[in-house]
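Contents: one structure, followed by commentary.
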Amino acid sequence: MGGLVVSENLRDVDAWLFDLGNVVIGINFEHALHHWARAADRDVGDLRQRFHFDEAYERHERGQIEAAQYFESLRSLLGLDLADEDLAAGWNAIYTGLIPEVVALLPAMARSRQLYAFTNTNVTHHRAWSAMYARQLQPFEHIFLSCSLGLRKPEAAAFEAIARQTGVPLDRMLFFDDTEENVLGARAAGMPAVWVHSPQDVIDAVVPYIGDEG
């Protein structure tokens, strides 16, 4: 399905809502796998086959379990005998840097309309990226965290909670995400959404609102 599907009247929104991972901040879970493989003297291919986003991962992102509990589950999943500190170091190695074309648009977007972000994350990751990219994330009026909300994308209840907290109706908030499942969830909840495959998708969606200001 196409990436740019918003409202017929492009200016008929009052707020922007951004995913962070691979929309604003680059992430690559291969970096975590390689870190753990080196630390445990294991074959990265074996870890790659074992790793997946399981129920414990989702509970961790909802704030339902602490990092220590998730890392215990991760040790079992991967068959690793690494300390929490080693697991956390690999966990936080996933960040590959900012996506400059999108970051450059954020100040103008914030001047144009309310600017928010919503990320599926956990406390360990939040501590890492919020410190690494604090200055560049300043244009966001608020960043909603799944681990604080107790809700994850693509759950309709998550988008509804953000609409209540911001006071912006779902159909007047434009959502950007790189994951099809999250985009479909937002649209099903009544929110116009852009499926981001590259920074150009964000640029194409945003320029009609802010012109050349970005």
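In table form, for the structure just shown:
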read-out: Complete set of residues in the range 66-101 that are part of a loop (DSSP other than H, G, I, E, B) and surrounded by fewer than 18 Cβ atoms within 10 Å (Cβ to Cβ); value: 66, 79, 81, 83
read-out: Any chance residue 53 is under 20 Å from residue 152 (Cβ atoms), in contact (Cβ under 8 Å) with a residue 40 or more places away in the chain and of a type in the set (A, V, I, L, M, F, W, C); value: no
read-out: Residues located in the range 179-211, provided they are in contact with a Gly (Cβ under 7 Å, 6 or more places away or on another chain) and either assigned to a strand (DSSP E or B) or buried (at least 19 other Cβ atoms within 10 Å of the Cβ) (or both); value: 194, 195, 196, 201, 206
read-out: Tally of residues being more than 16 Å from the chain's Cα centre (by Cα) and either small (Gly, Ala, Ser) or not assigned by TED's automatic domain parsing to the domain that holds residue 68 (or both) across the range 78-99; value: 5
read-out: Subset of the range 10-35 that is in contact with a Phe, Trp or Tyr (Cβ under 9 Å, 6 or more places away or on another chain) and free of Cβ contacts under 8 Å to residues at least 60 places away in the same chain - its residue that is surrounded by the most Cβ atoms within 10 Å (Cβ to Cβ); value: 33
read-out: Which listed residue is under 14 Å from the mean Cα position of the chain (by Cα), assigned to a strand (DSSP E or B) and crowded, with 16+ Cβ neighbours inside 10 Å, from 159, 140, 144; value: 144
read-out: The range 56-71 residues that are touching a residue at least 40 places away in the same chain (Cβ under 8 Å), paired with ones that are buried (at least 17 other Cβ atoms within 10 Å of the Cβ) and charged (D, E, K, R) (beta carbon under 7 Å, 6 or more apart); value: 58/152; 61/152; 62/152
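The values are calculated or read from the model by the stated rules, or taken from the named source; none is laboratory data. Computed from a predicted structure; not experimentally measured. FYI the Cβ positions are ideal-geometry reconstructions off the backbone, even for glycines, and counts take in every protein chain you see.
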